[in-house]
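The values are calculated or read from the model by the stated rules, or taken from the named source; none is laboratory data. Just so you know, these numbers come straight off a predicted model, no measurement behind them. Here the Cβ positions follow ideal geometry from the backbone for every residue, glycine too, while neighbour counts run over all protein chains shown.
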Amino acid sequence: MFKNKGFKIGNILHLTPHEAYELCSNDAIILDVREDFMVGNKKFDVKQVLYCAASTIKEYYQNLPDNIPLVVADASGLHSKETAVFLVEKGYKNIANLAGGLVEWERDGLPLQSDKTKMLSGSCMCQLKYRSKSI
């Protein structure tokens, strides 16, 4: 499924957000490895997303499908790369890393799910608060 897509660094395939989105429009699944507190307001808006924090992947990786392509993603592509390396070492074959993570996904204008009640505003970190109590 990843044939003629992305670029390889070592033994890990890295996909651009557009490549990942195209594959997710077919059968690929996004494996979002952001920690729970990081998922917050923005989520990938594709057919299938699995959530498994990078800090718990060693406990749960056996539950991941090994016959469906997984695009490992996080906020910027760092923890997802480490997770992709781990999964390849454990024998998973259909693994790719989302280069640039959610940051590049959003920058490229690809679909996101947003909960407007969790959006923050404020001119300084010490003044951050939820923009709206309900929508």
task = Look at the stretch 34-72 and say how many of its residues are among the hydrophobic types (A, V, I, L, M, F, W, C) and either within 15 Å of G91 (Cα to Cα) or touching a Leu at 6+ places or on another chain (Cβ under 6 Å) (or both).
result = 7
ask   = Do we find that K5 is more than 16 Å from L102 (Cα to Cα), assigned to a loop (DSSP other than H, G, I, E, B), in contact (Cβ under 8 Å) with a residue 24 or more places away in the chain and more than 11 Å from the chain's Cα centre (by Cα) in this structure?
value = yes
message = Suppose we filter the stretch 97-127 for residues that are in a loop (DSSP other than H, G, I, E, B), within 19 Å of R34 (Cα to Cα) and at pLDDT 65 or above; how many remain?
response = 5
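In the stretch 24-38, what residues are part of a helix (DSSP H, G or I) and either at pLDDT 90 or above or surrounded by 14 or more Cβ atoms within 10 Å (Cβ to Cβ) (or both)?
C24, M38
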